[in-house]
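First comes the structure, then the notes that go with it.
Each value in this text was obtained by applying a stated rule to the coordinates, not by laboratory testing. Computed from a predicted model, the values in this text were never measured in an experiment. Cβ atoms come from the backbone with ideal geometry, glycine included; neighbour counts cover every protein chain shown.
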Amino acid sequence: MTLFEKIIAREIPADIVYEDDHCVAFRDINPAAPTHVLVVPRKPVVNVAEASAEDCELLGRVLLAAQAVARAEGIDGSGYRLVLNNGVAAGQSVFHLHCHVLGGRALSWPPG
Ligand code: DGP
């Protein structure tokens, strides 16, 4: 069971800000921006690289949940960044697909 499955199951506490039938979203424990929320599908797909065609709808649900989070957090007007880290070299540390929703400050590009 992944760490994020345990959060979804309420076995580990988290500040959950959004949920629907497909996804749960909660604040990152180590925020990198004033708003930093993780959108996690209930299905424990490892990452985009490991997703399959049957996950097509689920991937769209993750993005729409991220949109809902951004609206609820009030960062949709100023702009926000969505990040999906894939694999160790990209910085993925939890191997349960998650979309970082980052906003509330200016974000530089390219990332380091
Ligand atoms: P990534 O590096 O892309 O795999 O992002 C994983 C994120 O998960 C990282 O920004 C920190 C966050 N995180 C790790 N453990 C916990 C936890 O127990 N609770 C919460 N809310 N976030 C966590």
* To do: Scan the range 1-57 for residues that are over 27 Å from Ala89 (Cβ atoms), more than 9 Å from the ligand (Cβ to nearest atom) and loosely packed, with under 12 Cβ neighbours inside 10 Å and jot them down.
  => Ala9, Arg10, Glu11, Asp21, Pro34, Glu57
* Structure fact -> Considering residues that are part of a loop (DSSP other than H, G, I, E, B), in contact (Cβ under 8 Å) with a residue 40 or more places away in the chain and within 16 Å of the ligand (Cβ to nearest atom), the number found within the range 58-104 is 8
